[in-house]
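The values are calculated or read from the model by the stated rules, or taken from the named source; none is laboratory data. Just so we're clear, the structure is a prediction, and the values are computed from it rather than from any experiment. Ideal geometry is used to build each Cβ from the backbone, glycine not excepted, and the neighbour counts take in all protein chains shown.
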Amino acid sequence: MIKDGIHTKISPKDYHAWEFDRTKGPISTSTLKRYVEEGPERFITGAAFKATPAMTWGSLVDLLLFTPEHFDDEFVLSTDCEHLSANGAMLSKAAKEWRDSVLAGGRRIVKPDDLAQALEAVKKLSSTPASARLLEGSLFQTGLVFTSEHGIPAKGLVDCLPDGGDCIVDLKTTGANLHNDSELERTVGKFRYHVQAAFYLYLWSKLSDEPRREWKIIWQSSAPPFEVRVDKLDNLMLDAGGEFVRYHVPRIIRDMKTDSWMSPFAEGETMLRMHTPTVFAEEALMERLTEMEG
């Protein structure tokens, strides 16, 4: 457990070690999103969440940029295994046992080539003026913990707090095209980054007298040349994230207090509406056919 407050330079391992308990919390944005996206029953009874390769890459870049001193706490080089095959794969029983032991200890395995690529990505972040201006002199990896009157703590881990700024900054590695605004907007919606923004800004407002009202994302492409772009989320996105938080946090707190995780669909019916892009596509098809047949 981590006490209420602002915790500077907290290690990612210590932060993530405080895992969700079904009656005690803490609530985080990842917990809240899973609760909504999977539904209460699957969320509380399903298999443990597993990181994807894209998430592992993002975590590696995060760590090398913000807390490189904790590399050995989080990652192990694959070449540390003494039982690799000639092509570097873990095929033997001994190699697989080594791998399983590392993973069971909470660390992840990274290949030397991937580490070298991640270091190049970090150099790009530090040398790109738009991101470098935000990173220089900032506090990295700041833990936020706040317990409201309901008694369930909420937590967040802030990537970057610019000195004297009015914003909180988050790094996102992505496979999206940084030159396509629509694709980035869809990425924000798909992964609910606006929810994280609203959640963290709320925690900050409860813990600090220093106002921070803006949320900026440092996007970095996950593939070479690791291009960088900085965006500020507009008020519509932040308002939508705030509505999500205000609606769903009371729901998960209710289920935690009663330890009852019923599906929202158990008691009633819903209306399934036509997918909007499908409607437009069908209308366009009918227009084309009408023109052809006319």
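Quick notes
- Residue ID - nearest to Pro277 (Cα to Cα), chosen from residues in region 174-215 that are among the acidic types (Asp, Glu) and not in a helix (DSSP H, G or I): Glu214
- In region 8-29, the qualifying residues are those that are more than 19 Å from Ser59 (Cβ to Cβ) and either loosely packed, with under 14 Cβ neighbours inside 10 Å or not hydrophobic (A, V, I, L, M, F, W, C) (or both), and the one that is modelled with the highest pLDDT is Pro26.
- Residues that are among the aliphatic types (A, V, I, L, M), in contact (Cβ under 8 Å) with a residue 24 or more places away in the chain and either exposed (fewer than 15 other Cβ atoms within 10 Å of the Cβ) or over 21 Å from Thr173 (Cα atoms) (or both) within region 92-111 comprise just one, Val102.
- All positions within region 42-64 that are buried (at least 18 other Cβ atoms within 10 Å of the Cβ) and within 22 Å of Asp159 (Cα to Cα): Trp57, Gly58, Ser59, Leu60, Val61, Asp62, Leu63, Leu64
- Ala223 being among the small types (Gly, Ala, Ser) and exposed (fewer than 10 other Cβ atoms within 10 Å of the Cβ): no
- Yes/no for Ala89 being under 30 Å from Pro264 (Cβ atoms) and loosely packed, with under 13 Cβ neighbours inside 10 Å: no
- Looking only at region 1-24, and only at residues there that are touching a helix residue (DSSP H, G or I) at 6+ places or on another chain (Cβ under 7 Å) and of a type outside the set (D, E, K, R), the one that is farthest from Asp73 (Cα to Cα): Thr23
- Check on Phe140, free of Cβ contacts under 8 Å to residues at least 24 places away in the same chain, more than 20 Å from Phe226 (Cα to Cα) and of a type in the set (Phe, Trp, Tyr): no
- Residue ID - surrounded by the fewest Cβ atoms within 10 Å (Cβ to Cβ), chosen from residues in region 233-276 that are charged (D, E, K, R), over 30 Å from Lys172 (Cβ atoms) and in contact (Cβ under 8 Å) with a residue 12 or more places away in the chain: Asp259
- Residue match in region 54-67 (condition: in a strand (DSSP E or B) and not charged (D, E, K, R)): no
- Pairs are defined by a Cβ separation below 7 Å, a sequence spacing of at least 6 or placement on different chains, a first member in region 36-50 that is within 19 Å of Arg251 (Cα to Cα), and a second member that is among the aromatic types (Phe, Trp, Tyr) and not in a loop (DSSP other than H, G, I, E, B); the pairs so defined are Phe43/Tyr35.
- Only a single item in (1) of a type outside the set (Gly, Ala, Ser); (2) part of a helix (DSSP H, G or I); (3) buried (at least 20 other Cβ atoms within 10 Å of the Cβ); (4) in contact (Cβ under 8 Å) with a residue 40 or more places away in the chain is not met by Ile168, and it is number (2).
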